[in-house]
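Okay, structure first, notes after.
The values are calculated or read from the model by the stated rules, or taken from the named source; none is laboratory data. These figures come from a predicted structure and were not determined experimentally. Counting neighbours? That spans all protein chains shown, and the Cβs are built from the backbone with ideal geometry, glycine included.
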Amino acid sequence: MRAASLPIYRSRFERVEPGKPCRLRPGEGLVAGSATASAQVSAVNQVETTAALAWLLAYPYGCLEQSASRAMASIALPDLFPAAPATGPVADALRALTASELPEGGFAMWPGSTDLWLSGSLYAGHFLLEAERAGTAVDPALRARTLAFLDDVVRGRATAETVPVGDRAYALYLLAGMGQAERDLAKAMATPRDEAPLVRLLAAGALARCGRAADAKPLLDEALRGDLRAGRLGWDFDSDVRRYALALCVLNDIQPDHPAVESLVAAIRGRTLPEGHWGTTQNNALVVLALGRRKPEPAAGTALVELAGGRRERVSGKALLALHAADLADGLTVSADGGPVFVAWQERGVPTTVPTAELRRGLTIRREYLTLDHKPTTAVRHGELVLVRLTLESSQPRQNLVIADLLPGGLEIEEASLATRQRAATTTSSGLCVKATQAQADRLVLCLDVWQDTPLTYEYHLRAVTRGAFQIPRLRAEAMYDPDTAAEAGGVGQFTIE
């Protein structure tokens with residue numbers, strides 16, 4: 001049975017004070033069998049980023065950056081994701097890097113693409129640095145090629161176009177972390193007072209990691225007195241959260257007791273979304289990395305956990321109680337004794353009520369089911385082809401959009417690549433650049449850019465394979481690196497196969 005709506009994600013993080021127990025009951029409002037849930041309880045604050053990790057692990061798409069983000073977050077919280085070396089997000093990310101590497105250096109966004117993704121390539125280098133630090137074996141040849149590419153970025157020769165100074169500073173810091181010292185370049189980039197504060201911070205961090213901590217300290221302090229949000233860095237995915245998290249990562253590495261640490265932590269916490277995470281894959285990964293490396297404050301209390309069947313658990317000191325769906329069937333209650341304790345909870349599942357209202361935030365999307373002579377239909381005969389027309393309109397040109405078109409039951413995607421299938425080709429409007437297509441069992445996923453602010457269409461075919469009447473499901477479009485840009489439609493009516 002296919003879902004008529006995309007899964008929703010819910011999470012919660014609580015500081016539980018003595019005398020004020022926290023009660024959680026996952027699964028409410030979700031289709032039975034579709035929900036997964038987990039919770040973590042600790043007497044020290046080591047669980048505030050577990051919602052971000054859980055969100056990343058459930059994120060349904062997987063470009064180069066998204067694979068690296070899942071891996072970096074799992075590296076930062078190894079107690080919550082003890083995967084074997086050959087499995088899990090780290091191994092998946094290493095395979096993604098290999099599949100996306102370009103002959104001339106750097107990486108593409110998707111396997112099979114030949115376009116260099118500069119920002120994504122630097123982020124892939126950051127993942128390799130963190131993987132090495134965690135003890136993961138990295139292919140020496142891949143490491144050497146990545147170092148050579150980072151060096152080209154630092155020297156401004158990685159592309160035919162001018163390399164943004166933000167990318168050069170980031171690459172410089174990564175090179176230093178991987179053992180390649182560029183002291184003179186680092187000092188030269190950290191010194192100019194008219195440079196963006198985050199650029200100066202990354203360069204000062206590189207200088208410190210090159211063994212020049214005394215020279216780096218005044219430059220680091222001066223950079224931190226500036227507004228880290230100031231200055232255009234030329235990054236594909238930029239945000240206040242990303243900048244603060246990168247800055248905190250630098251301080252964790254070179255001066256974890258710096259007075260600016262607490263203000264950076266407060267700035268990151270102040271930008272937590274109501275869902276309990278930080279909105280995009282890269283934001284979440286860097287926050288998990290930044291906050292996860294901090295030494296938690298000593299435990300002041302003991303957590304008392306009540307579960308189904310009268311089961312009780314006590315959690316104290318640095319211990320972490322990780323609970324899974326089977327443990328949470330009847331919910332849980334967490335109380336604190338002697339001081340505050342901390343609980344995090346996450347769940348994901350298909351809602352029992354399918355939304356029907358349209359969502360329009362910078363995007364509009366609609367779907368039409370058509371016969372092969374372009375007449376609207378919601379009823380066909382078994383074995384017939386159905387033409388699906390998706391129409392997307394954006395208020396402005398945008399990059400890195402994703403469309404998830406859920407399929408009604410009884411219909412399967414007709415593979416356009418099969419020459420024996422008649423009239424099964426896809427068609428795309430000019431102005432719509434499709435970068436990756438994933439034909440899954442229950443949906444079509446498109447990753448694309450739009451270059452016009454007029455309605456653009458994408459057409460593909462389905463074949464009717466099972467008789468019956470099926471719910472017409474939802475359709476969603478969103479900007480992968482801008483959570484506020486999204487559209488939804490559909491969820492009304494039935495599609496009949498006779």
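Is it fair to say R200 is surrounded by fewer than 17 Cβ atoms within 10 Å (Cβ to Cβ) and either within 19 Å of E104 (Cβ to Cβ) or within 29 Å of the chain's Cα centre (by Cα) (or both)?
Judged against the criteria, R200 is not a match.
Considering only the stretch 315-333, state which residues are assigned to a strand (DSSP E or B), over 25 Å from the mean Cα position of the chain (by Cα) and farther than 12 Å from S42 by Cβ.
L332, T333
Under the condition of being buried (at least 17 other Cβ atoms within 10 Å of the Cβ) and hydrophobic (A, V, I, L, M, F, W, C), which residue from the stretch 355-375 is nearest to L53 (Cα to Cα)?
Result: L363.
Just give me the residues in the stretch 87-108 being buried (at least 22 other Cβ atoms within 10 Å of the Cβ) and part of a loop (DSSP other than H, G, I, E, B), in sequence order.
G106
Taking L201 and the conditions (1) at pLDDT below 95; (2) assigned to a helix (DSSP H, G or I), which numbered condition does it fall short on, given that it satisfies the others?
Checking L201 against (1) at pLDDT below 95; (2) assigned to a helix (DSSP H, G or I), the one that fails is (1).
List pairs: first residue in the stretch 133-153 and within 21 Å of V165 (Cβ to Cβ), second residue surrounded by 15 or more Cβ atoms within 10 Å (Cβ to Cβ) and among the β-branched types (V, I, T) anywhere in the structure, Cβ distance under 8 angstrom, at least six positions apart or on different chains.
What qualifies is V153/V163.
For every residue, the table says whether it meets (1) modelled with pLDDT of 90 or more; (2) surrounded by fewer than 21 Cβ atoms within 10 Å (Cβ to Cβ); (3) part of a strand (DSSP E or B); (4) in the same structural domain as L273 (by TED's automatic domain parsing).
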{"site": "K435", "(1), (2), (3), (4)": "no, yes, yes, no"}
{"site": "V445", "(1), (2), (3), (4)": "yes, yes, yes, no"}
{"site": "Y458", "(1), (2), (3), (4)": "yes, no, yes, no"}
{"site": "L462", "(1), (2), (3), (4)": "yes, no, yes, no"}
{"site": "E478", "(1), (2), (3), (4)": "yes, no, yes, no"}
{"site": "D484", "(1), (2), (3), (4)": "no, yes, yes, no"}
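In the stretch 378-396, what residues are under 36 Å from the mean Cα position of the chain (by Cα), surrounded by 20 or more Cβ atoms within 10 Å (Cβ to Cβ) and over 21 Å from A487 (Cβ atoms)?
Answer for the stretch 378-396, where residues must be under 36 Å from the mean Cα position of the chain (by Cα), surrounded by 20 or more Cβ atoms within 10 Å (Cβ to Cβ) and over 21 Å from A487 (Cβ atoms): V386, L387.
With S74, S34, S67 as the choices, which residue is hydroxyl-bearing (S, T, Y) and in contact with a strand residue (DSSP E or B) (Cβ under 7 Å, 6 or more places away or on another chain)?
So the residue among S74, S34, S67 that is hydroxyl-bearing (S, T, Y) and in contact with a strand residue (DSSP E or B) (Cβ under 7 Å, 6 or more places away or on another chain) is S34.
Results for (1) buried (at least 17 other Cβ atoms within 10 Å of the Cβ); (2) among the charged types (D, E, K, R), shown as yes or no for each residue.
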| position | (1), (2) |
| --- | --- |
| R2 | no, yes |
| R10 | yes, yes |
| V44 | yes, no |
| V47 | yes, no |
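Picking from E65, E14, which residue would you name as being touching a helix residue (DSSP H, G or I) at 6+ places or on another chain (Cβ under 9 Å) and not in a loop (DSSP other than H, G, I, E, B)?
E65
Any residue at all in the stretch 156-166 that's among the acidic types (D, E), under 22 Å from D238 (Cα atoms), over 23 Å from the mean Cα position of the chain (by Cα) and surrounded by fewer than 20 Cβ atoms within 10 Å (Cβ to Cβ)?
Yes - at least one qualifying residue is present in the stretch 156-166.
Does at least one position in the stretch 243-258 carry a residue that is within 20 Å of A479 (Cβ to Cβ), buried (at least 19 other Cβ atoms within 10 Å of the Cβ) and of a type in the set (K, R)?
Scanning the stretch 243-258, I find at least one residue that is within 20 Å of A479 (Cβ to Cβ), buried (at least 19 other Cβ atoms within 10 Å of the Cβ) and of a type in the set (K, R), so the answer is yes.
With the requirement that a residue be crowded, with 17+ Cβ neighbours inside 10 Å and in a loop (DSSP other than H, G, I, E, B), what does the stretch 267-285 give you?
Within the stretch 267-285, T272, E275, G276, H277, W278, G279, T280 meet the criteria.
Conditions tested, residue by residue: (1) outside the structural domain of L56 (by TED's automatic domain parsing); (2) free of Cβ contacts under 8 Å to residues at least 12 places away in the same chain.
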residue: T280; (1), (2): no, no
residue: E297; (1), (2): yes, no
residue: R312; (1), (2): yes, yes
residue: A326; (1), (2): yes, yes
residue: T333; (1), (2): yes, no
residue: D337; (1), (2): yes, no
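Which of the residues that make up the stretch 447-456 are surrounded by fewer than 19 Cβ atoms within 10 Å (Cβ to Cβ) and either under 14 Å from L406 (Cα atoms) or within 23 Å of the chain's Cα centre (by Cα) (or both)?
Correct list: D449 only.
What is the residue count in the stretch 334-389 for residues that are part of a strand (DSSP E or B), more than 30 Å from L401 (Cβ to Cβ) and not polar (S, T, N, Q)?
Count: 9.
If you go through the stretch 414-423 one residue at a time, do you hit one that is more than 28 Å from the chain's Cα centre (by Cα), aliphatic (A, V, I, L, M) and at pLDDT 95 or above?
For the stretch 414-423, residues more than 28 Å from the chain's Cα centre (by Cα), aliphatic (A, V, I, L, M) and at pLDDT 95 or above: absent.
Considering only residues that are in contact with a strand residue (DSSP E or B) (Cβ under 7 Å, 6 or more places away or on another chain) and among the aliphatic types (A, V, I, L, M), look in the stretch 109-141 and name the one that is surrounded by the fewest Cβ atoms within 10 Å (Cβ to Cβ).
Checked the stretch 109-141; the qualifying residue surrounded by the fewest Cβ atoms within 10 Å (Cβ to Cβ) is M109.
Could you please give the count of residues in the stretch 68-86 that are in a helix (DSSP H, G or I), modelled with pLDDT under 90 and over 22 Å from Q46 (Cβ atoms)?
0
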